[in-house]
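See below for the structure under consideration.
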Amino acid sequence: MWKFLHQLASPPHFYRLSIKFIPWLMLPAVVLIGYGFYGGLILAPPDYQQGDAFRIIYIHVPSAYLSMMAYMVMAIAGGIGLIWRMKLQHAVAAAVAPIGAAFTFLALATGSIWGRPMWGTWWEWGDPRMMSELILLFLYFGYMALRAAIDDTAKADKASAVLALVGAVNVPIIHFSVEWWNSLHQGQTVMKGAMDPEMLYPLLATIVGFTFLFGAMLLRRIRTEVLFRERRTRWVKEMILSEEGDK
Amino acid sequence: MDTQREIPGIFAGMLAVIRRDLLLAWKRPGDMLNPLFFFAMVSTLFPLGTGPSAEQLEFSGPGVLWVAALLAMMVSLNTLFLQDHEDGSLDQLLVSPQPLPALALGKTIAHWITSGLPLVLVTPIVAVAYRMTVDVIGVLLLTLALGTVSLSLLGAVGAALTVGLHRATALLSLLILPLAMPILIVGAGAVSLAASGEGLSGGVFFLAAYAIGALSLAPFATAAALRISNE
Amino acid sequence: MTTGRKVLTAKLSASGLSLLRGERLLIRDLDFALNPREMLLLEGKNGSGKTSLLRAMAGLLEFESGELLWDGVSVRKQRQEFHGALTWLSHRTGLKGDLTLGENLRFESGLRAQHDIDFDGVLKRLGIERLTLLPLRSLSAGQQRRVALARLLLTDAPLWLMDEPFTNLDREGRALVMELVSEHISKDGMCVMAAHQDVQIDGTVVKVNLS
């Protein structure tokens, strides 16, 4: 097991092994999301308060949750890469950033659509969850902008890892302060409390399903990132040549 | 070779850094005035933009002054490490026998003394123009004092990460402003509470806790960032 | 250039050093051993990695692989002690133009100086004793470099790391540097220098060509 993990940390081994994982992630993703959407969008009855508008939570909640998880993955991978000097971890961090940003944007967009019928406006500054997501989006932009501003890949890796760690420490603080601010100004929140099982189970299914999807997307992006970073090494060249020979 | 050499310790090193930076600021007093003018300008722009009604001023005062202070701090952070990076003194700090976080903290302290403290001292003048009463101004000054300390500490990390980069100014703001939002939210919120008659609130404790947390963690992040940026 | 077992017993030693800059491998598998009363001279064309190697030795860059040992212990494990034992002179002076010579050196002393250093003696030695009240930017490049050299004498560290120390110096200045290094070496000091030109030092000089 230890040897397996150790091997996994080496780029060529990771590249060869990861291709096998992807179908195993996509299959549960499709099944779970399929079930979740069917159960949530078609089977579940309309909410007595929100009508059909609530159905958007089947995309909104997974997106919001994944936007946070992706940031944690980014920060932890960056931290491991920085402290233990592992190249692959930096590739993971670089790969996950755009995915996390995309989920954050999706959460914001679906949250806005969800909130419109209730708030009467497309954006409610007082909503703590939306404000947290918005600030999270800025954190992602900052991370990607810093990476883009540094030419040397290794230097960019290290600098953005420091930034991600500082951000990760601040995310709970941001969350807390926005909630406090909201209670101060008596804004409205979007989330409900208890939920019917008919609504809940499909929701859990989409959350888990989207997580599998996230995993599959992440693996693909890491593979591309690894290939790019190692483009001058022997193993990449050999692999390309052997694949061309097969064709 | 004599191995009993005495090397100046942590505090001596930190003090040397603070003294030098204060001396440098003293020789170029204009640099210290820039953020202050910026603060005054932003505070002036709001009434010009939204109309000078008394109610509006009183209502928006805490938020506007806090935002202006935040932006003024951003302006002053840009050059924290820039000169050192260009003239090679950053090299010397990095090979110094004292722990780098201590020296980074020294630079941050000097920065606060030359940027944060003047801001806090100038604020009452502008606050009066916003029709704030004395007790509210008191809370404003307290929150700003704590907030600017945190901003100096947090901003130093950003400045260290972006030193020497193309368009470092914009990048620094993009990196630090989202992280600084809690400070703004709670700081302005506490002043608003004071303005509506609630006196000193829990927000001040949050700001104090944040400042202490930043004081213990930020120098290490700044040091790591300096090493990376100086490569 | 492998020196095997001798590496481990030397005061400053390196084994298998590799250095990456961007995508290029500048230094590959470098070994050396340096003892008191010896100087290591790094020679090579521009861009061959002399400055990068020196910066990595000073701890400003990271080696891709290999170990640098001081007193047999990896430098990574005793960063502060190692920094306390060296003085770094880059081709930028690291001094502040707005401050006077006196104020600049006061700062350097605050970080590094030994307590019993004869400050005025140091200034006289470097020929800068009459310039103490002028802001540094009003001095010539050569004079500024002499002020930077003061760092060496104020710190009195065993290991001197010098990157192109002769920059901007006239013939007298260059001779002064060589004198200082020779004296340092004769008093059990060590020096690693990157230089373009011919260096005449009294003492053992080990040359490494990086081209």
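Look at B:T133, B:T114 and count the other Cβ atoms within 10 Å of each Cβ; fewest to most, that gives B:T133, B:T114. Relative to the longest principal axis of the Cα atoms of chain C, helix C:171-186 runs at roughly 60 degrees.
So which GluC sites (Glu not before Pro) in the stretch B:1-92 end up in coil per DSSP with only 14 or fewer other C-beta atoms within 10 Å?
The qualifying sites are B:E6.
For the stretch A:51-190, the Kirkwood estimate of the hydrodynamic radius, built from every pair of different alpha carbons, is 15.8 Å. For chain B, the membrane-span-like helix rule (DSSP H, alpha carbon extent of at least 24 Å along the helix axis, mean Kyte-Doolittle at least -1.0) picks out B:10-27, B:29-50, B:54-77, B:134-162, B:168-195, B:202-229; this says nothing about an actual membrane. Adding -39500 (n - 2.57) for every DSSP H run of four residues or longer, then dividing by how many residues chain A holds, sets the calculated 222 nm ellipticity at -28000 deg cm²/dmol. Using only C-alpha atoms and all pairs of different ones, pull out the Kirkwood radius for chain C in Å with one decimal. Hydrodynamic radius (Kirkwood, Cα only) of chain C equals 17.7 Å. Span-like helix check, chain A: qualifying full DSSP H segments, with Cα axial length of 20 Å or more and mean Kyte-Doolittle of -0.5 or more, are A:11-37, A:57-84, A:87-119, A:128-149, A:153-185, A:197-229.
Our helix-only sum for chain C, with -39,500 (n - 2.57) per DSSP H run of n ≥ 4 divided by its residues, gives a mean residue ellipticity at 222 nm of -9500 deg cm²/dmol. P(r) tail for the protein assembly as shown: Cα pairs beyond 46 Å make up 32% of the total.
Counting every other Cβ atom within 10 Å of each residue's Cβ, C:M39, C:M178, A:M74 order from fewest to most as C:M178, C:M39, A:M74.
Size of the stretch B:2-230: Rg and Dmax of its alpha carbons, in Å, are 18.7, 74. Taking each DSSP H run with n ≥ 4 as -39500 (n - 2.57) and averaging over every residue of chain B yields -27500 deg cm²/dmol at 222 nm. Among B:R20, C:R21, A:R232, C:R112, sorting on how many other beta-carbon atoms sit within 10 Å of each Cβ, with the fewest leading, yields A:R232, C:R21, B:R20, C:R112.
Each reported figure results from applying straightforward, stated rules to the coordinates on display, with no laboratory input. Note that this is a predicted model, so its numbers are computed, not measured. No Cβ is skipped: glycine too gets one built from the backbone with ideal geometry, and neighbour counts run over all protein chains shown.
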